1. What are the ³J(HN,Hα) values, in whole Hz, obtained from phi via the Karplus relation 6.51 cos²θ - 1.76 cosθ + 1.60 with θ = phi - 60°, for each residue of the range 458-470 in sequence order, with x given for Gly and Pro?
2. If each of residue 350 and residue 726 carries a label point 7 Å out from its Cα toward its Cβ, how far apart are those two points in nm?
3. Starting at the first residue of the range 623-638, write each ³J(HN,Hα) from the Karplus equation 6.51 cos²θ - 1.76 cosθ + 1.60 with θ = phi - 60°, in whole Hz, x for Gly and Pro.
4. Setting aside same-chain residues fewer than 8 positions from residue 757, which aspartates and glutamates have a Cα under 14 Å from its Cα?
5. What GluC sites (Glu not before Pro) in the range 309-376 are in a loop by DSSP, with at most 11 other Cβ atoms within 10 Å of the Cβ?
6. Roll a 1.4 Å probe over the protein chains and send me the accessible area per residue for the range 316-385 in Å².
7. Listed highest first by mean packing, meaning other Cβ atoms within 10 Å per residue, what order do 157-165, 401-409, 72-80 come in?
8. Would you work out if the range 129-178 is rounded, prolate or oblate? Take a ≥ b ≥ c from the square roots of the eigenvalues of the alpha-carbon gyration tensor; rounded if a/c is under 1.5, else prolate when a/b is larger than b/c, oblate otherwise.
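The values are calculated or read from the model by the stated rules, or taken from the named source; none is laboratory data. These figures come from a predicted structure and were not determined experimentally. Positions of Cβ are generated from backbone atoms using ideal geometry, with glycine treated the same way; all protein chains shown enter the neighbour counts. To get the accessible areas, we keep the full protein, side chains included, count just its heavy atoms, and leave off ligands, DNA and RNA. Shrake-Rupley method; radii C 1.70, N 1.55, O 1.52, S 1.80 Å.
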Amino acid sequence: STLPRPVLCLSYAACCAMASPNGHVSNDEAEPLHSCEGMAELSKKLGLLERVRHVCQAVAIPLPGVVVVGEQSAGKSSLLENISGIQFPRAQNTCTRMPCVLTMLTDPAVEESLAMVSMDPSFEAAEKCSVSEVEGKIKALTDVHATGDKFISGKALYVRVVRNEGPQLSLIDLPGVTHNADKMANIHEVTVKLVQDYIAPEEMVILCVIPAMSDFGNAEVVKLARHVDPEGKRTLGVVTKCDDAAMAESSDIVEKVLMRRETDVQLKLGFHCVVNRSQKNIEDGMLRKDLWEKEQALFEANDRLQSLPRECWGTLRLMEKVAQIQANRVDECLPKIKEAVRSKLLQLRDDVRALPAQAETEADQYRLFNGILRQVNEDLQRKVRAEFMSSTPSDRDLAIAPKVASMIQDFRNHLLMENPDWLGGYMIDEVTDTVETFVHGYTVDNLTGPQVFINLIKRTFIEEGLLKEAVDNLVDNVAEHLRKVVKHVVALHADINNVLANRLAEKAEDVIEERLQVTRDLCNSLAIAQQVTSTTHGGYMVKLTKFRKSWIQEAAENVQSKLAQTLLGSKFNEPEEEAQLTPEFLEVVKQAQEEPQKLAVLEICASLHVYTGFLIEGFVEMASKLVKFNMVEELAAKLEEHWREHLAGSNLHELFPKDRASTRRRQELNQQMDHLQEFKDELSKLKVAAPMLATVHSDFGKRKRLGQKAKEATEALAAAAEAEAKAKMDEVAARTYIWNVADETKGKTLEKGALLKSPAFSKGGVPDMHLMFYPAGHSKTDFIEASHVESVGIEIIEAIEPKQSAPAAEAPAE
C-alpha cells in the first residue's frame, strides 16, 4: 500500500495517565472530552490527511492544518517542544528562520519513536533518525537554506515523528514576527508576509502565541489573524509564560483569557494558558512529565491563576483541544476536499493524456507509427473531399478542396484576361499585316489557307508562354498550400516527439516536390499540344455558321446587331441588347463589302475570337483535372507509401527516442493519481461528525451580555425582514389592479358572449385602462389567446379567493 497502516490517537485521559507520576489521574480528570469511538474516528481523519498532505500540496489541494504564529521570543518553539517532545534549535535572537511543518503520527507497531527531517514533504529520500537527532538535522538544513540575504527563508522544512501512542497533530511553526534587522534589512516585511501567506487559507486554524504579560489587543500577530479571520472563528489564543503573570504584582491575565471586558480581544475559540520549559529547565534536563506536573501545580495553587477554569489551561488539554478544533475543521472542509480531489483527478488524467506517447518496444513503435499515418491520411482525405469543418478562424486556410478550386478559378480568369482582343484594332492590324505580308497573292483574295490562323495561335499561346506561365503558377500555388496543410496535419498528429514530426515533414516535402514536377510536366505538354488547332466542340462551328449567314442574308443596317449576337452571344432569357463591337471591326465589315481580301481578315479575326475562348476553357478544364488528380487526389496515398518505404524499416526506432522528461512527468502524474485515488477511496469511508465546538469559558456576567447581544441581533434581523416584506408588498400593490369579478356577476344570468367591463384605472403612468371579461365565454371562442393577453401587457398575478364562504357549486368565477 502507498499509505502507512492505520493510526491511533489517545484521549486526554490517557495522555494524563502517561504523564502522571503514579500512572493515574483523579476522577474529574479521568473523564475524556469525547468518546473512544469519536477519538478513533478523529485519529483516522487526521492520520489520513497527514499521510497525504504532501501529495495534496504538490497538486494545490488545500487541507486543514494548524499554523503557529507569534512575535519573536513569544515561546512558539518552546510550545512545540512541549507538545511534541522534540528539541528545536535555539538562538539568542531568532530561533525559527524558516517554516517548519511538524507532523506527529501514531503507529502501534512502532516500538521506539522515530523521526525524519527533510526539505521534501514526501520524505522519499529522508533517513530515519531518533527523536534526539532532530534538532541537529533542523539546524543543518536551516544553515543551508536560510543564510545570507535569505536569513529568513520561505522554503519549508518538514519534520515527521512516528510514535506508538500519543496525540496526532500537524503543526506549522513560522518564524516569529520581528523588527530586529541585524541579520536582514527587511526582516519585518518578510516575516509578516510569511504569516499572511500561511494563515490566509480558510482551512487553516491559527494558533496565536502571546506572552501572558503582553497587551493582547496590540499584539501584531493578533491583528494579522483578525484581518483574515475577523470573527475569530478559526483563531485560538495560546498564552505562554503564565508563570510570569503568576509572580507579577498585578496582572489582568484572568480577565484577558476569559474575555470579560468589552475591550478584551474576542475569539470564538477563546484563549488557553500553558507553561513551557525555560532555558534553565532545558539545561537541567527537565522531562515533559515533570513540566506538566509543575504546570498543573502552578494553575491549581496560584491565587491568581486558580480562578481559571480547568479547560482553559494545561498543555495536555491544549493538545486535545487543538486536535478537536482541527477535527471540526476537517469535517467542515471534507465536502470541499472531496470535490477538489475529484476535479484534480480529472485534470491529472487529462494531463497524462496530453503527454506524448512513449514507445518502448518495436511493436509499440509500429503501432504508434501506423496509427499516426492513419490519422494523417484520414485528416487529409477529409480536407480533399471537402469534409473538413472548423469553427476556429485560423483553420479556414487549412481546407484543400475549396482553396484549390479558388486557385483554379483565378487561373481561368487570368487566361481570359490575357487572351488578346481579336476583334480590337491592334489584333485586326496584326492579322491584316500578316495576310498582306506573307499570304496575299498566291490565290484568290478570300482564300488565305490555315497558316495565318495556326501561326497566330502558336505564337500567342505557345511561343510567348501564356499557357505555360499560367499553369506553372497554378501548380506552384497548389504545392505551396499543400505544404502548409501537410505540415500542420503532421505536427498535429505526430506530436509525440519532435524527431518523428520533423522526419515526416521532411519526407512530405519530397513527395510534394515530386508531385509538383510530374504535374508540371503533364500540364506543359498539354499547353504545347494546344498548337494543334482542331476542335470537336460544336459551338465553334455554330457561331461561325451564324456569322456567315448573317453576312450573306442580312442587310447592311442589321450587320452590327447580328454580328454582336453571333460572336459575343446574349444572356439566356433576358432581353437581347445590341452588343457594341469595336469600331475597327465594324470598319472591316464595311470594307469587306467592296474589298474581297478584307473578308479573309474578317473571318480570321472572328475565328480567332471564337476559337481562343474554347481553347482557354478546354485547357483550364484539362489542366485543373491534372492538378487535382496528381497533386491532390493522390497526395495522401503517395505520402503514406513514401513514409512507409523510407521510414518504417530497420531504422524505425530512431523516430522514437526516449523522452526522459516526459517519462518522469508521466510517472509523477501517475503516482499523484494513485495517491489521490486512494485518498478519495479513504475519504468516502470517513464519517462526518456533528460539529463539536471547543469550550470557551466566560463568567456569568459575560454570558448575560452575550445573551442580550444575541437577543438584540435577533430582534434587529426580524425587524429588517418585516420591513423588507412590507416594502415588497407595497411595490406589488403599486403595480397591481384588483377587480372583484364576483361582485359583478352576483345574481346575474350571463349567456355566452356577455361582456363585463371594469372601471377605468391607471397603472405605470398609463391612464384610462380597463379590463374586459367574458364570464361565460367569448361569442366566437371559449378562451382568450395567450398571445393576445401578452400583447396588451396584462399579467395575472394571482386569483383572489372570496372572503365569504360559499358552497363549491355556487363559487363565483374569478
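1. Going residue by residue, I get 5, 5, 6, 9, 9, 5, 7, x, 4, 5, 5, 4, 5 Hz, with x marking Gly and Pro.
2. Computed distance between label sites residue 350 and residue 726 equals 5.2 nm.
3. 5, 5, 5, 4, 5, 4, 6, 7, 9, 9, 4, 8, 4, 4, 5, 5
4. Residue 757 reaches 743, 744, 768, 814.
5. On the way: sites: 311, 320, 332, 339, 360, 362; in loops: 360.
For GluC sites (Glu not before Pro) across the range 309-376 that sit outside H, G, I, E and B with at most 11 neighbouring Cβ atoms in 10 Å, the list reads 360.
6. On the way: 3130 Å² over 70 residues.
It amounts to 45 Å² per residue over the range 316-385.
7. Details: 157-165: 20.7, 401-409: 16.2, 72-80: 23.2.
Ranking, from highest mean packing down: 72-80, 157-165, 401-409.
8. oblate
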